[in-house]
Amino acid sequence: MNPVIKTQNNTVPQEFDALVIGAGFSGMYQLLCLRDKLKMSVKVLEAGAGIGGTWYWNRYPGARCDSESHTYSYYFSKELLQDWEWTERYPQQPEILSYLNYVADKFNLKPDIELNTKVTAARYDEASNRWHVQTDSGQLFICQFLIAGVGCLSSTNTPQIRGLDQFKGKSYHTAQWPHEGVDFKGKHVGVIGTGSTGIQAIPVIAEQSAHLTVFQRTANYSLPARNAPLTTEFKKYLKENSDSIREIMHSTTNGHSFRILDRSVHDVNNQEREAIYEEAWKKGGLQFRASFGDILLDKSANDTAAEFIIKKIRQSVKDPVKAAILSDIDHPFAAKRPPIDNYYFETYNRDNVDLVDLRSEPIETASASGLKTSRTHYDLDILVFATGFDAMTGTFLKMDIQGLNGVTLKDIWHDGPLNYLGLQVPGFPNFFTITGPGSPSVLCNVPVAIEQHVEWITTCIDHMRKEGFKRIEADTNASNEWLIKVNEAAHATLLPTVKHSWYLGANIPGKPRVFMPYAGGLARYRKICDEIAHDQYRGFIFN
Ligand code: NA7
């Protein structure tokens with residue numbers, strides 16, 4: 001054994017067949033599959049002090065899932081589907097975290113998860129065909145397979161505001177929320193950001209604080225969630241119909257339990273269209289965008305949905321100035337991740353809520369007592385950054401990952417995340433990425449995408465073991481061809497037309513502008529992955 005990374009404290013390296021990074025939905029299921037189905041030795045390394053990934057970190061007020069609870073679940077175990085009962089249509093963060101802990105306990109996963117352990121570096125040693133993985137505590141692990149289940153939205157983005165270090169109040173990023181919570185009582189609070197997170201947090205913070213100022217850069221669409229407790233009848237329906245629900249989720253574009261209707265906006269007259277939108281608005285949730293098949297494909301079709309939502313925003317917000325700022329939306333509906341909300345726009349009717357349009361008065365500096373824009377100064381006790389993530393690649397690039405011939409992931413992803421199927425990167429043998437860039441991931445109900453990836457990886461490793469292969473690597477040509485397909489799939493939609501989209505990396509200064517997720521739909525993607533596996537894993541090189 002010839003470790004290429006040295007331990008800091010001369011501890012003996014620990015060896016495993018596979019090492020998984022991250023103990024969220026992905027890492028937990030990958031552990032279960034490799035350990036229990038393939039009987040491999042596996043360790044999961046998790047930076048947090050608890051399991052749960054996204055749902056361990058995102059504890060901000062109002063944090064909730066925007067997939068419906070019964071679909072935001074593992075579907076691999078019939079017993080689990082029968083055991084677990086969600087309470088609400090859209091589960092709150094604590095309920096999802098309880099669910100993940102329940103799963104971890106039920107399948108005895110925790111003994112194989114090492115918490116408080118952040119991976120800082122990983123190097124592939126070609127001679128031994130092993131990954132040498134280093135952690136922030138100086139531990140060294142050695143493994144044949146390295147699998148990243150690090151999540152797509154796990155590296156926070158906090159904008160650089162001049163003078164922020166002078167601010168005497170408290171500031172928090174929503175995805176690094178203190179476990180003890182934040183007491184907003186009597187406080188003047190500022191929230192920067194009106195993406196899904198801001199839209200969830202703002203109504204709750206408004207209720208709890210003395211005064212809230214929302215700093216909005218880009219106006220956003222949002223759909224009413226119409227959250228409610230699940231009825232006894234619906235819970236019974238779920239238990240009796242889990243197979244058919246799973247079948248629908250597997251066969252749809254976005255992995256939800258509803259199908260995008262195969263009709264065009266232009267197939268119906270104005271009155272019919274209005275009635276369809278009205279019905280969808282009443283039902284609430286992301287299903288609104290499934291009303292017609294061409295909403296995300298054709299700008300003129302999209303305009304009808306956009307106009308309908310903008311009309312609703314104007315009806316909800318009484319102050320005409322606020323209504324104008326909130327409804328001045330510069331991108332097509334659903335071309336950015338569409339948030340769903342609980343009385344978001346109505347929150348602006350409260351006396352204690354102000355709205356600042358950062359496009360007409362940008363933030364200039366922070367001061368000891370708040371934020372100064374080009375127009376005035378806002379006094380704040382607490383500043384909340386709901387400013388999103390360095391999505392899809394940020395967490396990978398914070399680790400120093402080195403593949404063949406000393407090439408780092410940073411080198412190979414300099415112009416964008418080269419990958420094959422979002423599962424592997426050429427030059428990084430035996431390294432798999434669960435819901436990596438190049439896969440449908442964030443464009444879907446993510447647990448469905450995760451189950452597909454984890455099961456594909458498990459079958460692939462099983463195949464290798466049966467065939468006596470020790471090493472798998474994505475072919476460079478196949479990867480380049482895949483990137484062309486990812487690009488074509490995106491450009492067949494309105495998704496790449498948005499300027500400030502994190503799908504494109506455009507929210508992070510200096511990040512290459514490449515549309516990262518695969519927009520061809522989960523069902524089509526699943527078929528491609530299955531066909532490639534069936535065709536002797538075309539595009540992968542085995543040794
Ligand atoms: P998002 O969707 O990236 O939203 C971030 C928000 O923060 C958005 O309104 C941004 O405005 C705003 N932002 C970011 N940087 C700045 C600066 N420098 N100044 C002012 N405003 C800024 O992140 P979320 O956490 O809301 O949601 C992420 C995903 O989590 C979501 O899609 C779900 O999948 C769950 P912008 O629009 O860029 O002008």
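Quick notes
- Exceeding the 32 Å Cα-Cα cut-off - candidates K398/K485; K312/K511; K235/K311; K312/K485; K168/K322; K372/K410: K312/K511; K235/K311; K312/K485; K372/K410
- Calculated FRET efficiency for the pair H414/Q14, C-beta based, R₀ 22 Å, to 0.05: 0.10
- Dipole of the chain [Lys/Arg +1, Asp/Glu -1 at C-beta], most positive-end residue of S137, A519, A47: S137
- Spatially proximal aspartates and glutamates relative to K282 (Cα-Cα < 19 Å; intrachain offsets below 8 disregarded): D66, E68, E88, E272, E274, E307, D341, E346
- Close amide H contacts of L140 (hydrogens built in the peptide plane, cut-off under 5 Å, sequence separation of 5 or more or a different chain): Q14.
- In straight-distance terms, cross-link reach from K170 covers every one of the aspartates and glutamates whose alpha-carbon lies under 18 Å from its own, apart from those fewer than eight places away in the same chain; here that gives E180, D183, D379, D381.
- Taking the longest Cα principal axis of the chain as reference, the axis of helix 446-467 is set at about 10 degrees.
- Cβ-Cβ FRET estimate between N269 and N116, R0 fixed at 60 Å, reported to 0.05: 0.50
- Bridgeable lysines around K110 (alpha carbons under 16 Å apart, same-chain partners fewer than 8 residues away excluded): K43.
- Inter-probe distance in nm under a simple model that places probes 7 Å from Cα toward Cβ, at K236 and K311: 3.9
- Computed extension length for D475-R226: 85.0 nm, one decimal, from 0.36 nm per residue of separation with the Cα-Cα distance subtracted.
- Total charge dipole magnitude, the chain, about the Cα centre, Cβ charges on Lys, Arg, Asp, Glu only, Debye to nearest 20: 460
- Separation of the E126 and N487 label points, Cα + 7 Å toward Cβ, nm: 2.9
- Point-charge dipole on Cβ atoms (K/R +1, D/E -1) for region 367-465, about Cα centre, debye to 20: 200
- Where the alpha-carbon atoms of region 343-472 are placed on the principal axes, they occupy 68, 36, 24 Å, in descending order.
- Between 0 and 90°, nearest 10: helix 522-534 axis offset from the chain longest Cα axis: 10
- Positive-pole candidate from L355, W413, V425, dipole of region 350-437, charges at beta carbon: V425
- Between helix 93-106 and the chain: long-axis angle, C-alpha atoms, 0 to 90°, nearest 10: 20
- Summed over qualifying helices (DSSP H, 4 residues or more, each -39500 (n - 2.57)) and divided by its residue number, the chain shows a 222 nm mean residue ellipticity of -9000 deg cm²/dmol.
- Three principal axis extents of the chain based on alpha-carbon atoms, in descending order, are 69, 57, 45 Å.
- Among S257, A449, G198 - extreme Cα towards positive end, dipole of the chain, charges at beta-carbon: G198
Read the figures in this text as sums done on the coordinates, not as results from a lab. Everything quoted here is computed from the prediction, not taken from an experiment. When we count neighbours, we look across all protein chains shown, and the Cβ atoms used for this are built from the backbone with ideal geometry, even at glycine.
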